[in-house]
Amino acid sequence: MAEHQFHQGALRVLRPHYLDDSGQVCYVVVNPGGAYLGADLYVMDVEVADGAKLLLTTQSATKIYRTPGCFAEQRMRLRLGAGSQLELAPDQLIAYREASYRQNTHITVHPTSSLVMSEVITPGWSPDGASFRYEELRLRTEIRVESRGRSGLLALDNLLIRPPAHDVTGMGFMEGFSHVGSLIAVDERVDQALADDLHALADGQEAYTGVSLTATVDGISGLVLRSLSNSTEELNRLLGACSALLRQRWHGTAPLDLRKY
């Protein structure tokens with residue numbers, strides 16, 4: 001259970017619940033307004049205490065509508081204590097025609113904490129049926145390791161998609177696909193063997209996938225899996241399978257079942 005919980009403005013946090021008997025508490029973030037609009041700013045600050053287990057998800061997809069004049073923005077700060085566990089599993093991000101969106105995520109982990117976060121980006125409907133009618137998506141994730149009063153940079157992931165400025169459909173960028181899926185895992189058990197296992201798992205899916213390892217800081221490492229597809233469902237299956245492998249191997253828990261539908 002949360003020691004302190006507070007929300008104000010458009011976002012709401014539902015009462016906590018438990019999906020299984022692992023002790024991991026689940027919180028659901030809700031946007032009653034239904035979408036992000038121009039000049040909207042959403043700020044989330046989450047601290048996972050020493051030894052705590054948290055699953056943070058959303059009630060539905062995050063929709064970015066037209067943002068004339070100014071982009072919509074989300075700022076998230078996550079702090080993981082010693083021996084803590086965090087899974088961040090939001091529904092897909094949908095960018096509609098003439099949408100601009102910036103997402104800044106700052107994460108601080110302890111060398112003994114465990115983080116798994118996933119995200120799917122999909123283009124929204126447009127009158128002509130084309131996939132890339134949004135203006136800009138800028139998603140920046142910075143992960144730092146904090147120990148003994150020191151802080152070291154573990155990873156900096158910056159995804160920038162600007163369809164009006166560049167041809168994002170071709171080789172070296174989206175490779176003919178329209179959807180992007182990402183999974184970031186940080187844990188002292190991350191190594192090349194795990195990256196190879198996730199890559200082998202991705203080979204059985206209908207998506208184009210790559211896996212990269214970060215440096216090691218204070219004994220903890222991370223990996224980034226990025227996948228391209230033309231289907232939200234396909235990317236959800238892939239990221240779900242990767243998450244299930246990590247949950248079983250690291251924590252001995254069953255695959256994630258959010259039971260939203």
Quick numbers on the range 152-238, Rg and Dmax over C-alpha atoms in Å, give 14.3, 42
Roughly how many Å² is the accessible area per residue of the range 112-175, as a whole number, for a 1.4 Å probe? 51 Å²
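Based only on the alpha carbon positions, what is the Kirkwood hydrodynamic radius of the range 1-100, in angstrom? Before the final figure, lay out the partial values.
Details: mean 1/r = 0.0679 Å⁻¹.
Taking the inverse mean of 1/r over all distinct Cα pairs, the range 1-100 comes out at 14.7 Å.
Pick out, in residue order, every one of the GluC sites (Glu not before Pro) in the range 20-118 that is DSSP loop and has at most 11 other C-beta atoms within 10 Å; say none if there are none.
On the way: sites: GLU47, GLU73, GLU87, GLU98; in loops: GLU98.
Here no loop site has a sparse enough neighbourhood.
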Need one number for the range 139-189: average projected area of the convex hull over its C-alpha atoms, nm². 5.2 nm²
Give the residues of the range 172-199 whose amide nitrogen is closer than 19 Å to a point set 7 Å from the Cα of ARG237 in the direction of its Cβ. 177-183, 198-199
How far is helix 232-246 tilted off the main Cα axis of the chain, in degrees rounded to 10, range 0 to 90? 10 degrees
Could you state the angle between the C-alpha long axis of helix 192-203 and the longest principal axis of the C-alpha atoms of the chain, as a value from 0 to 90 degrees rounded to the nearest 10? 40 degrees
Per the 1/(1 + (r/R0)^6) rule, R0 = 22 Å and r from the Cβ atoms of LEU160 and ALA200, FRET efficiency to 0.05 is 0.15
Ignoring ligands, DNA and RNA, what percent of the accessible area of the chain is carbon or sulfur (1.4 Å)? 49 percent
State to the nearest 20 debye the size of the charge dipole of the range 53-161 about its Cα centre, where the only charges are +1 on K and R beta carbons and -1 on D and E beta carbons. 400 debye
Using a 1.4 Å probe, how large is the accessible area of ARG140, given in Å² and rounded to the nearest 10? 70 Å²
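Ordering TYR96, TYR101 from largest to smallest accessible area (1.4 angstrom probe), what's the sequence?
Numbers: TYR96 55, TYR101 0 Å².
If we order TYR96, TYR101 from most to least accessible, we get TYR96, TYR101.
When only DSSP loop residues count, what chymotrypsin sites (Phe, Trp or Tyr not before Pro) in the range 1-40 have their Cβ near at most 12 other Cβ atoms within 10 Å?
Working: sites: PHE6, TYR18, TYR27, TYR36; in loops: PHE6.
Loop-located and lightly packed - PHE6.
The values are calculated or read from the model by the stated rules, or taken from the named source; none is laboratory data. A quick note: this is a predicted structure, and the numbers were derived from the prediction, not measured. No Cβ is skipped: glycine too gets one built from the backbone with ideal geometry, and neighbour counts run over all protein chains shown. Ligands, DNA and RNA are stripped out before the accessible areas are found, and what is left, the full protein with its side chains, is counted by its heavy atoms. Shrake-Rupley method; radii C 1.70, N 1.55, O 1.52, S 1.80 Å.
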